[in-house]
Amino acid sequence: MLLHTFTRRGAHALRLASLGVSLLALVVAHRAGAQDTPLLSGGVGFFTNTPGGNTSYFPIIEPLAALPVGPHLLIESRAALLETWSPNGQSGYDHSHFIGLTYLQGDYFATPHLTVVAGSYLLPFGTYNERLSPIWIGNFQDGPLIANLGLLSTGTGLGGQLRGNAISRAKYSIDYTTWFSARSNNSQFSAERSFGGRSSLYLHEQRLEVGLSYDRSLQNTQENFYGTHVWWEPKDTNFRLRSEFARGHHAQGYWIEADYRTAAYGGLNSFIGRFEPLFRMQQTFRRDTIVSDGLPLVNTQRADFGLDYNLPHNVRILTSYTRQFSSTSNENIWETGIVYCFLFPVWRGK
């Protein structure tokens, strides 16, 4: 999980700046009309992580605001408020907390095929960072081992993006994203200088997406990162297959995740239909041990087995067992969690 942490003074300044931007956007959006009602969504969760018999606890709140300003501009932001209690190896727990904005960006819808993004944004390398990192979306509590590969040290960029749908046909569509990030040492919006892009082909009838990603680090030691992803959701089923492969100068790896819900026993909202078994296989491979890139320093294999339960009112219970293998040690990891997803307008539309 990628969070911007900062000092108390920096946090106070960030809260004031964010509040000012939000209030300005709310005022403008309120005058724009009911069709542009701002939305507040996000998730509230409580997680536990038990590797090797030691349990840590993580309550977290991730609010997300979407503030339309007229028909062509959208201001969006996601924050994270995380508390951590971890065993200190003696008789008690160490406590820490993080508060910060995950991103803060403005989206200008220039044409049906072009959206211009500016601000602090999630780097669109691969799919996990943008699509699956929110706690109310991901099936597993923790991300894949290669989640940070290609995202440099922060997972966010500070600059601009061009993105949209390049081609749209009855049987297929092609989307694109390209970005440039400037270097920033600001504790609130840190970023590294880089550029890159991602493009995906989506086959409508097969419900199959195949994409490629590229990231070029321009800061300090210049490096290239490559990635590919495959997502498949067969029609008229509740089966989903997601996968990614990423390669950097020092390491590479992949993950494959599958989940399924059955509607055979009274539909998805029946007692049986709410169960969602999961499986994820992942491996990382070292090319050298000079820099970790956020990956283990030895070749590692993990098999994740999960069973989620989808309660009414947007509440999910997450449970998983992981068996990890490496040359340094083998480990069992147990994880549990409960997540509530909320969504409501800031005010009632007319």
TODO: Return the pairs, sorted by first residue and then second, in which the second residue is modelled with pLDDT of 90 or more and acidic (D, E), the first residue lies in region 325-350 and is closer than 30 Å to R78 by Cβ, the beta carbons are less than 8 Å apart, and the residues are 6+ apart or on different chains.
DONE: E335/D142
- [ ] State which residue is modelled with the lowest pLDDT when the search covers only region 182-194 and only residues that are farther than 13 Å from S153 by Cα and touching a Leu at 6+ places or on another chain (Cβ under 6 Å).
- [x] Q188
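Matching residues to (1) at positive phi; (2) out of contact with any Ser or Thr (no Cβ under 7 Å at 6 or more places or on another chain):
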| residue | (1), (2) |
| --- | --- |
| G70 | yes, yes |
| S86 | no, no |
| S96 | no, no |
| A118 | no, yes |
| E130 | no, yes |
| L152 | yes, no |
- [ ] Take region 287-310 and flag every residue that is exposed (fewer than 13 other Cβ atoms within 10 Å of the Cβ) and at pLDDT 95 or above.
- [x] none
Open item on the list: For region 326-345, give me each residue that is of a type in the set (A, V, I, L, M, F, W, C) and either exposed (fewer than 14 other Cβ atoms within 10 Å of the Cβ) or touching a Ser or Thr at 6+ places or on another chain (Cβ under 7 Å) (or both).
Closed with: I333, W334, F342, L343, F344
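This table checks each residue for (1) surrounded by 14 or more Cβ atoms within 10 Å (Cβ to Cβ); (2) touching a residue at least 12 places away in the same chain (Cβ under 8 Å); (3) over 19 Å from G138 (Cα atoms); (4) touching a Ser or Thr at 6+ places or on another chain (Cβ under 7 Å).
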{"position": "E233", "(1), (2), (3), (4)": "yes, yes, no, no"}
{"position": "D236", "(1), (2), (3), (4)": "no, no, yes, no"}
{"position": "R240", "(1), (2), (3), (4)": "yes, yes, no, no"}
{"position": "G253", "(1), (2), (3), (4)": "yes, yes, yes, yes"}
{"position": "I256", "(1), (2), (3), (4)": "yes, yes, no, yes"}
{"position": "D259", "(1), (2), (3), (4)": "yes, yes, no, no"}
{"position": "S270", "(1), (2), (3), (4)": "no, no, yes, no"}
Open item on the list: Quick test of your reading of the structure: E276 fulfils all but one of (1) of a type in the set (D, E, K, R); (2) under 22 Å from I60 (Cβ atoms); (3) free of Cβ contacts under 8 Å to residues at least 40 places away in the same chain. Name the failing condition by number.
Closed with: (3)
Task: Selected residue (criterion: surrounded by the most Cβ atoms within 10 Å (Cβ to Cβ)) from residues of region 311-325 that are farther than 16 Å from E276 by Cβ and of a type outside the set (D, E, K, R) - done: T322
Task: Among (1) more than 30 Å from T300 (Cα to Cα); (2) in a strand (DSSP E or B); (3) of a type in the set (A, V, I, L, M, F, W, C) - the single one F98 does not satisfy - done: (1)
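The values are calculated or read from the model by the stated rules, or taken from the named source; none is laboratory data. None of these values were measured; they are calculated from a predicted model. No Cβ is skipped: glycine too gets one built from the backbone with ideal geometry, and neighbour counts run over all protein chains shown.
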